[in-house]
Amino acid sequence: MKKTNDTPMEDFQALYNRQVNRVYRLALVMLGSQSDAEDMVQMVFLKVWEKKISFRDTDHETAWILTATKNQCKDVLKSYERKHCGTLEEMPEPGIASENHMENVVWLALESLEPKYRILLYLYYYEGYSIRELTAILKRKESTLQTQLAAGRRKLKEELKKAGEIPQNWEREGK
Amino acid sequence: MMSDPEKWEEIFKYTIDQTSPDQERKEQMWNRLQSTISGRGQKRKQVIRFGWQPHGRKTFAAALAGTCVIAVCLLTGVGVNAATDGALLDSIREFCGLPVQQKKTADEGLKLKNEVYAPELAGCSEKYVVFANERALIVYERQEKKLLAALDLQAMDCNYFNTDSIHTRALLQKDTIYIFNEKKEQQPTQMYVYDLKKTDVSSALSVTEDVRKLELVYREWKTFSAENSLDTFSGMADGDYWNSLINSGKDGKETGVYSQQCIVWTDRAGRQYRSALVIIGGDDYELYSCPADDTEKISKEKLLVQTYSDEIQTETATEENTQHTGLPEFAYQGDDEIMKLVCDYMIKNRNEYEYLENGGIYIYVPEPVIVKTVRTGNDLFIFGNFWWETYYRNGNTLMSDSGSEMPARLHFVSYGNGSYIFKDKEVAGDGSYYGTSIREFCEGYQVDPQKLMDTAEAHKKIRIKMLRDYVKQNHLDIQYYKDYGWDPVALDK
């Protein structure tokens, strides 16, 4: 990666606009709280700014941003574990609430999963990365990711079924 | 009506979609970011304030704030001492537990591929867990739940694990670790001593050549090895327990590896335990322990072996040769046209061997032994044993991961412009067909089939040449290659 001496604020803002949704969403999936996701946006983009990184192309930029966000979130989660000697289940209640019952159920189901399943489900189903691409981002073998993806998917579906929330004729509300 | 799988995926994606920040929130976050950036530019005296207020749950926000301070301070290394006194920097380092270089070493050690077993469990007590592999020796403090030290065993020339004639040994005694090499069961001639009570890295590690000390520690290590180090498979739980752990993929379980030896240790109350290091899914480190008198009663302790330098690897993994990621691909650059033709063909067809399965962290190196070429008109037949291997990087060493030989006859065709196109091949059969098949495709070409089979010595030479050239052409700081269970081989000899 090239490092430039100067990163113009305009370029930085353009990068921010391209990637902020991604960072925010991933942090929300991993940390489970809107306020923590906002803090994570600060951390990740501050890192980009401080290190004055320039990227080869948008694919490279996206992969770097996702990996940095993932790593920062992992550090935060582990820092919380060390400080409070607790498990993820003992973490504060999630700060996500929606008026839509379905969305709440999905979030609660996600919350029940370990972070490694959450991030994998998010990157695979939402960001559309293939397993092969994810081996480089998550630094795991393809076979491991396949196993984790299957396990995460199964657990999420189980939670949704428990809540009776895979209806026959589900339609989107609102937006 | 949508099927179940499609439905839940759509539900999932829609739910995630709804969490995207709206324009107002994005602007708020941007303004806050700008404020932070301009605040740092002015080098305010107070430690990094990002302009946010603690949110709701104080304890979590405090942890997050602390991590932010540390992350930024250590990443930038700039301005902290100017903005604060040196005590803050020390406390930051203490919080993080490791100085920067040790973090890098810890990272590489923790991420080194586990071939068969987890890293060797070198020591265990109420206070510490000490484990080591071909890259690093890691010390974990159990009560504080953090990494305490990471020693660069390669730099110390004490990284002989899974080797043949020389082995690195480590002995934990209270707050001291002794590290030495044992060659053919001979007493070592020098020994490293690491004092875990010292926080200053440079003074914590020393070397001794005191013969009496060496003799005493070596004798104590031999006693420890004989009495306190047991085979995990038979010393804890039972075989089925460990077999189910390493079972890969069934019922959604992740693969685990365990340390080949478990350690017998005693707590302050005099109770004896057996403990083994276990790694689940490649990066979840755990200590499995049981009372010495009830080996079925396994308890699990998660080891918070935090990797602090992920972001460094993130930045450089695609560009630089760090650890075992980002190695440049092998390409034959010599003058031998036939070798180039063969190597290019093998590389192009490497996908047959699932080279890319692991995200490109391995390099594929063709190491063919070419026995004879036969030209007939436009046809070119190349007879040989087309060895290949894959390697990953462990610091200054290329670690062999997998490989194979392939006695074969490759057939290329020239179309008059000096270049060749691959046409077909005949490869040796399996089992009892091995010799017969080779004789069959050599018949009529005046090629001695035995020469395609007896290629072990020739392969060694071509292998080292290929690796030497690869390292030199790519300006890599690599000095050895290593096979599992064998000593490292220097590339410069």
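Name the residues in the stretch B:120-146 that are in a loop (DSSP other than H, G, I, E, B) and crowded, with 23+ Cβ neighbours inside 10 Å, would you? Residues satisfying the conditions are B:133, B:134, B:135. Note on the stretch B:322-349: among residues that are modelled with pLDDT under 85 and buried (at least 19 other Cβ atoms within 10 Å of the Cβ), the one that is farthest from residue B:403 (Cα to Cα) is B:322.
Listed by position, the strands (runs of 3 or more DSSP E) contained in the stretch B:329-438 that have at least 3 residues being touching a His at 6+ places or on another chain (Cβ under 9 Å), touching a residue at least 40 places away in the same chain (Cβ under 8 Å) and under 27 Å from residue B:449 (Cα atoms) are B:363-376, B:379-394. On the given criteria, is residue B:125 at pLDDT 95 or above, assigned by TED's automatic domain parsing to the domain that holds residue B:217, polar (S, T, N, Q) and out of contact with any helix residue (DSSP H, G or I) (no Cβ under 9 Å at 6 or more places or on another chain)? Yes, satisfied. Entry remark, the stretch A:20-72: residues being within 22 Å of residue A:116 (Cβ to Cβ), in contact with a Leu (Cβ under 6 Å, 6 or more places away or on another chain) and not small (Gly, Ala, Ser) number 2 in total.
Note on the stretch A:8-53: among residues that are facing chain B (nearest Cβ under 7 Å) and acidic (Asp, Glu), the one that is surrounded by the fewest Cβ atoms within 10 Å (Cβ to Cβ) is A:50.
For residue A:136, indicate whether it is of a type in the set (A, V, I, L, M), more than 7 Å from chain B (Cβ to nearest Cβ) and part of a helix (DSSP H, G or I). When the stated conditions are applied, residue A:136 does not pass them. Looking across the stretch B:395-443, the residues that are closer than 30 Å to residue B:479 by Cβ and either outside the structural domain of residue B:383 (by TED's automatic domain parsing) or in contact with a strand residue (DSSP E or B) (Cβ under 7 Å, 6 or more places away or on another chain) (or both) come down to B:396, B:397, B:398, B:399, B:400, B:401, B:402, B:403, B:404, B:405, B:406.
If the condition is being facing chain B (nearest Cβ under 7 Å) and either touching a Cys at 6+ places or on another chain (Cβ under 7 Å) or crowded, with 21+ Cβ neighbours inside 10 Å (or both), then the stretch A:54-70 contributes A:64, A:68. If the condition is being among the β-branched types (Val, Ile, Thr), closer than 23 Å to residue B:377 by Cα and over 35 Å from the mean Cα position of the chain (by Cα), then the stretch B:413-454 contributes B:413, B:421, B:447. State whether the residues of the stretch B:197-206 include one that is touching a residue at least 24 places away in the same chain (Cβ under 8 Å), part of a strand (DSSP E or B) and under 22 Å from residue B:303 (Cα atoms). No, the stretch B:197-206 has no match at all. Tallying residues that are acidic (Asp, Glu) and closer than 20 Å to residue B:19 by Cα within the stretch A:12-70 yields 3. Can you pull out every residue in the stretch B:398-407 that is under 21 Å from the mean Cα position of the chain (by Cα) and surrounded by 23 or more Cβ atoms within 10 Å (Cβ to Cβ)? Result: B:398, B:399. From the list B:209, B:185, B:215, B:227, the lone residue that is on the phi > 0 side of the Ramachandran plot, away from chain A (no Cβ under 14 Å) and surrounded by fewer than 13 Cβ atoms within 10 Å (Cβ to Cβ) is B:185. A count restricted to the stretch B:104-119 and to residues that are in a loop (DSSP other than H, G, I, E, B) and either modelled with pLDDT under 85 or more than 13 Å from chain A (Cβ to nearest Cβ) (or both) stands at 6. Apart from one condition, residue B:410 fits all of (1) within 37 Å of the chain's Cα centre (by Cα); (2) surrounded by fewer than 15 Cβ atoms within 10 Å (Cβ to Cβ); the exception is (2). Does residue B:381 fit the bill of being surrounded by fewer than 18 Cβ atoms within 10 Å (Cβ to Cβ) and in contact with a Phe, Trp or Tyr (Cβ under 8 Å, 6 or more places away or on another chain)? Considered against the rule, which asks whether it is surrounded by fewer than 18 Cβ atoms within 10 Å (Cβ to Cβ) and in contact with a Phe, Trp or Tyr (Cβ under 8 Å, 6 or more places away or on another chain), residue B:381 comes out as no. The residue list B:482, B:423 contains one member that is of a type in the set (D, E, K, R) and surrounded by fewer than 17 Cβ atoms within 10 Å (Cβ to Cβ), which is B:423.
Among residues belonging to the stretch A:145-160 that are of a type in the set (Lys, Arg) and either more than 7 Å from chain B (Cβ to nearest Cβ) or crowded, with 20+ Cβ neighbours inside 10 Å (or both), point out the one that is farthest from residue B:15 (Cα to Cα). Looking at the filtered set, the residue picked out is A:155.
Checking each residue in the stretch B:455-484 for being in a strand (DSSP E or B) and under 18 Å from residue B:370 (Cα atoms) picks out no residue at all.
The values are calculated or read from the model by the stated rules, or taken from the named source; none is laboratory data. Predicted, not measured: the structure shown is a model, and the values here were computed from it. Glycine also receives a Cβ, built like all others from the backbone with ideal geometry; neighbour counts cover every protein chain displayed.
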